[in-house]
Structures are given as C-alpha cells and as structure tokens.
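S.K.: Sending over a structure as structure tokens; questions will come in a sec.
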Amino acid sequence: MVRQALLEADASVEVARQFVETVEQKFLGTEVSKALNPTQQILQIVNEELINLMGPVDSTIPEGSPITTIMLTGLQGSGKTTTCGKLGKRLLDSGRKPMFVAADLQRPAAIDQLEILGKQLGVPVFVDRECKDPVDVCKRALKQAKDLDVNVVILDTAGRLHVDDDLMKQLVEIERKVNPDQVYFVVDSMVGQDAVNSAKAFNEALELDGVVLTKLDGDARGGVALSVKAITGVPIKFIGVGEGLDALEEFHPDRMASRMLGMGDVLTLIESVQAKFDEKELERQQQQLEKGVFTLDDFRKQMSQASRLGSMSKIMSFIPGMGRLSGILGEMNVDPDRELRRIGGLIDSMTPEERRRPEIIDSRRKKRIAAGAGVEVSRVNELLQMHQRMAGMVKSFSTLGMGDRMRALNQLTNQASANPFGMFGPAKKGSTGKRLTPKEREAQRKRLEKARRDKKRKK
C-alpha cells in the first residue's frame, strides 16, 4: 500500500523500494501500540520517515559579502526563468536588492521573459544579446551589480530538453569562473521518474546547495521531492505553487508527506485562504452561516472567493479524502471547474431578488434564466435542487456543536467520494445522493474500470 502510494505520487521506483525496506526494518523493532491499530501505526511510522528523509528544512538565502550570487540550473521547461522572478519578488519583500542576469543564451525567449519579469518587479536585468559566452556575461554582470548597489545577483542559466555534455560543461564553467554562493537545482514536479536521472547528473557535475520544486499547483502529489532529496541529499528550499510572482512558498516536509500519502494538506489550504480571501467577506459569510442563512448570492460569492485559490482539482488535493474524489471525476470526464463555471453563469443570469429568494423562481423565470446562460431549463432545476440541499445542510449545521459539525462534514466527504454525481453534473441513473452500499460501490467500480478500458481502446 505504501509503495503504491509513493509510486502514484511519482516517487522513483528505486527510492520507493528502498524506503519501504527501511520502514519494514524499523517496524519490526517497534513495540505494538495499544492506542493505534496496526494500519495506523504503520502510517505513523511511514509519515515520520518521509518527514525525516525530506528534511531538514532550510529556506534561508544567505547574505554574501558584499553581493550574494545565486545560480539557477535545471532542464529546459522546468521553470527556471519564472523561479528567477519569484525569488526576486521574495528578496524584494525581505528588503534586499536583487538583479537578474540573462545567462541563457540558447533561447532568446528566455531573455525576453526575464526582461518582462524585471520590468514588473522594478528589478534591473543584465542582458547582452550579442555575446555568445555565458561565463563572460555573468562576470560582467557582477561588475555592473557593484555599480548598481544591488546585493543579490540571480543567474538564469541555460537548460536543455535532456541532460547532455555540452550543457554540463557550460554550467561547470560558470560555477568555476563565477563561484556563486548558492547553486539551486530547479525541477518540474510533473516530470515523474526522469527526475532521478536529471538530479543525479546535475548533482555529480555541480555542487548543489538547494532544490526548488516547481508546478505543484496541479495534480502532482510531490513524490519527486522524495526522489530528488534521496539522490542529491541537498535541502529542498522552495516550492512553486502557481504562475504568479508571489507563488513561491517555503518547503514543509510534513505537509508534503501528507500529500504523498493522499492525506491532503489542510494547513497550506488554510494559509492560502488567509492570504487570498477577503476577511470582511469571510466574516460576513460566517455570520450568515451561523444564522442558518445561505442564499444563491452567498453561493456565488463563495465560488468567486474559492476561484482565487486555483482549480477545484488543486483545492481537492489539499483536503483529506477529496483527492480520491478528484480522481474519480477525472475518470468519468467530469470537469469540476467547468461545472462550477456553468453554475456561476446560471446565477449571474438571475436578478438580485431571485438570488436572495430562489423560491420565487417559477417556470417563466426558469426559461429566462436558462436562455440567459445558454443552457436547458433542466440545468436551472438542478441548480435550485442543489441549493435547496445545501441551504438545508447549512440550517442544520447552525444548530450543531463543533464536534457534531466535524462528524457531519466527515460523513459528507465519504458520501461525495462514494457518489460524486451528487455534487457535480446531472444525476446519473442509480445515483440517489445517498451513501452507496458495498455491493453498489463494487458495481460502480466495475463500471468505471470498463469505461477506462474502453477509453484506452479508442485511443
């Protein structure tokens, strides 16, 4: 089970095998706990070992004298140039003065992108489009940095689609002649098993000081973090969680371990909510919920707030138990974000009075709303039924204590995982919104397996 979870999270086969062997040896010498059942105890040991293996954490950027030089390396497409901008934003926020150096002379587009990022941040960018020697570009950039009174220089070096001798020789030459204070390996979290090969090659050629894991805002569960840390032994400094310049976060081994084991990452979700949600609006919504009031207006505002966190798949990956639901929806070709946009379009087609008092929506109003959203009237009926159920739940929640609320939420999560049609899209035959029996779940599983096989045959 543990090996499968690690492989599904894109950890290396060899790293997963060695990890399982280590856990087995540790578990053999562990006293059986009276408080936990064997499965829980194994998961506890696995979680602790994952945290130990991916730690310790060091997200500091040391200060050189007088200038700190950071060299970014990695394969083409890993997100080096974007990471350069994100690091610059982080340094600016901490009161430091960065400068970017366009040392990727292989791709003119990379130079253009770096200039755009520099302009957005107000950070100077050293560019020489005529020079063909990246070592010379870096050396002259450091001289100019002293004149510009900057204290951090970030070198955006070239990458390739794969590891090759020319790339490594160029990077080794830059490291030898420029002598950067920090060398960061930037790796795409979606690259999967190939991360081991590239990490090993870069680690053998360069003296790495840290790793930046990018593109963790999608479905990636972070197994690459385990693989790269096991191969290089250097700390994972930061993770990229979006395209925005502020989407660079410190690495937390405990949260990554939870994601890899499919247990979600609620703390990161909470931090995202606190950073991106309107506090006054959240407080108003909380007061409404405590009163047991939940209008379509409230629903629309919550959808608008939630969209700031990213895709529904990303949000689901943070919530324990909901990652499985996201996978089921994908297998059934149900796109939660498309469904939510459709719902948003329907609500936007209503008048303010209809959003506050949906009970006044009669057949004539339904036709008008459907026409405004460009859908069938049946979609309006589905939305009203869904809102009625949600409003009923909110009213029930308002009368419960905190413990009872948590139990009710857990039950809803289980129901959603067993029957996703109750949340997204039109109801399918056999979907009643109730928790499925083991026999019904097995029948549903067989239908999904058959649909998956048919899909593969068509491809």
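S.K.: Got a sec to turn the phi values of the stretch 77-88 into Karplus ³J(HN,Hα) couplings, 6.51 cos²θ - 1.76 cosθ + 1.60 with θ = phi - 60°, whole Hz, x for Gly and Pro?
M.R.: So the J values, rounded to whole Hz, are x, 6, x, 4, 5, 5, 4, 4, x, 5, 4, x.
S.K.: Quote the Stokes-Einstein diffusion coefficient, in whole µm² s⁻¹, for the stretch 40-147, based on the Kirkwood radius over alpha carbon pairs, a temperature of 25 °C and a viscosity of 0.890 mPa s. Present the calculation step by step, with values, prior to reporting the outcome.
M.R.: Values: Rh = 16.1 Å.
The calculation lands on 153 µm²/s.
S.K.: Run the simple label-point estimate for Met303 and Met386 please: 7 Å along Cα→C-beta, distance reported in nm.
M.R.: 0.7
S.K.: Testing the spin-label approximation: label points 7 Å from Cα along Cα→Cβ at Ser378 and Asp136. State their distance in nm.
M.R.: 7.0
S.K.: Also, quick follow-up: Rg and Dmax of the stretch 100-217, using alpha carbons, in Å: what are they?
M.R.: Considering the stretch 100-217 through its Cα atoms, Rg and Dmax are 14.6, 44 Å.
S.K.: Something else now. In the stretch 101-126, which residues have a backbone nitrogen under 19 Å from the label point lying 7 Å from Ser94's Cα in the Cα-to-Cβ direction?
M.R.: The answer is 101, 121-124.
S.K.: Each residue of the stretch 62-71 in order: what ³J(HN,Hα) in whole Hz does its phi give by Karplus 6.51 cos²θ - 1.76 cosθ + 1.60, θ = phi - 60°, with x for Gly and Pro?
M.R.: Those phi angles translate into x, 9, x, 10, x, 10, 8, 10, 10, 10 Hz.
S.K.: What does the extension gain come out to for Thr351 and Met393, with contour length at 0.36 nm per residue minus their alpha carbon separation?
M.R.: Details: separation 42, 0.36 × 42 = 15.12 nm, distance 2.44 nm.
Roughly 12.7 nm would be gained on extension.
S.K.: Turning to a different aspect of this structure: Just need the relative contact order of the stretch 161-240 here, percent rounded to a whole number, with Cα pairs under 8 Å and 6+ apart. Present the calculation step by step, with values, prior to reporting the outcome.
M.R.: On the way: 104 pairs, mean separation 26.2, N = 80.
Averaging sequence separation for qualifying contacts and normalising by length gives 33 percent for the stretch 161-240.
S.K.: What residues qualify as long-range amide H neighbours of Ala11, i.e. H under 5 Å apart, gap of 5 or more or another chain, H built at 1.01 Å from N?
M.R.: For Ala11, the qualifying residues are Gly223.
A short reminder: the numbers here are calculations on the coordinates, not readings from a lab. Just so it is clear, the model here is predicted, and its values are computed rather than measured. No Cβ is skipped: glycine too gets one built from the backbone with ideal geometry, and neighbour counts run over all protein chains shown.
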